[in-house]
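First up is the structure itself, then whatever we jot down about it.
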Amino acid sequence: MKLIAPGALSPPRTQRPKMAQDFLNIDAHIREGRFQPSLALLAGLSSLLAGLEVAYEHYKGSYGQRVMYSPVVLSGALAGAGMWGFLTVGPRKRFYVWYRLSLF
């Protein structure tokens with residue numbers, strides 16, 4: 001039976017400072033507000049996918065009651081809010097580029 005030294009399975013010392021620097025970069029992105037646009041986009045896209053799933057399930061139920069339309073409409077509104085948050089939070093350049101593209 002071969003014995004393994006206690007520190008033999010730990011990563012080499014050269015990788016630890018890089019990992020610490022990555023955590024510091026993530027912390028700086030959150031603190032300085034560069035993380036919020038991507039979080040808003042993620043929330044908008046996830047609500048869009050949830051809305052599609054709800055629409056499919058309610059379609060199978062033949063939209064028997066009028067209240068079945070509300071999650072579908074609200075998911076579209078949440079997706080729009082997520083896109084608006086992505087385009088307007090942070091650098092304003094993103095909003096103007098999308099705005100100019102939408103005019104064509």
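The values are calculated or read from the model by the stated rules, or taken from the named source; none is laboratory data. These numbers come from a predicted model, not from an experiment. Neighbour counts run over all protein chains shown; Cβ positions are idealised from the backbone, glycine included.
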Practice problem: Might you check whether a residue that is free of Cβ contacts under 8 Å to residues at least 12 places away in the same chain, surrounded by 12 or more Cβ atoms within 10 Å (Cβ to Cβ) and not in a helix (DSSP H, G or I) occurs anywhere in the stretch 59-72? | Solution: yes
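How about the stretch 48-62: which of its residues are within 25 Å of GLY82 (Cβ to Cβ) and of a type outside the set (D, E, K, R)?
Applying the first criterion (within 25 Å of GLY82 (Cβ to Cβ)) to the stretch 48-62 yields 48-59.
Selection gives LEU48, LEU49, ALA50, GLY51, LEU52, VAL54, ALA55, TYR56, HIS58, TYR59.
Using the structure shown, decide if SER47 is under 15 Å from the mean Cα position of the chain (by Cα) and part of a helix (DSSP H, G or I).
Numbers: under 15 Å from the mean Cα position of the chain (by Cα): yes; part of a helix (DSSP H, G or I): yes.
Spelling it out, SER47 is indeed under 15 Å from the mean Cα position of the chain (by Cα) and part of a helix (DSSP H, G or I).
Criterion first (of a type in the set (A, V, I, L, M), over 30 Å from ARG34 (Cα atoms) and surrounded by 13 or more Cβ atoms within 10 Å (Cβ to Cβ)) does MET83 satisfy it?
Details: of a type in the set (A, V, I, L, M): yes; over 30 Å from ARG34 (Cα atoms): no; surrounded by 13 or more Cβ atoms within 10 Å (Cβ to Cβ): yes.
Judged against the criteria, MET83 is not a match.
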Quiz item: Of all residues in the stretch 11-37, which are of a type in the set (S, T, N, Q), surrounded by 10 or more Cβ atoms within 10 Å (Cβ to Cβ) and either assigned to a loop (DSSP other than H, G, I, E, B) or modelled with pLDDT under 60 (or both)?
Solution: GLN15
